[in-house]
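These notes concern the structure reproduced below.
Since every read-out is calculated from the coordinates, none of them should be taken as a lab result. Everything numeric here is computed off the predicted structure, so don't read it as measured data. Ideal geometry is used to build each Cβ from the backbone, glycine not excepted, and the neighbour counts take in all protein chains shown.
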Amino acid sequence: MREAGQKEYARKKSNAFANFERVADHIECTREKVLMIYLLKHIDGISSYVNGHKSQREDVRGRITDAIVYLCLLWGMVEDEKSEGRNAKYLKELKK
């Protein structure tokens, strides 16, 4: 599932966040905010299901799966940001 989604959205194996970064550039916000918008679309569908709207275009299990994937991607973005911060600090120290 991860690989199929990555091929469709990232377009590159080297950057799983490429779709979020492209959209963020277009609308001038962060990749995390783009991810949150995508995630909230699924949360809204899950909320509708929980509130009794059972006939939806997409099975609620698919929405739950997608929400989990988006949360895992957000985790990866947090980790990526932390490692970039550490790398930037390390590179700054090297330049001294």
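Quick notes on this one:
- Inter-residue pairs, beta-carbon under 9 Å, first without any contact (Cβ under 8 Å) to a residue 12 or more places away in the chain and in segment 68-79, second loosely packed, with under 13 Cβ neighbours inside 10 Å and not small (Gly, Ala, Ser), 6+ apart: Cys72/Arg2
- Count of segment 18-67 residues, restricted to those that are in a helix (DSSP H, G or I), farther than 18 Å from Val78 by Cα and polar (S, T, N, Q), is 3.
- Subset of segment 42-78 that is more than 18 Å from the chain's Cα centre (by Cα) and among the β-branched types (Val, Ile, Thr) - its residue that is nearest to Phe20 (Cα to Cα): Val60
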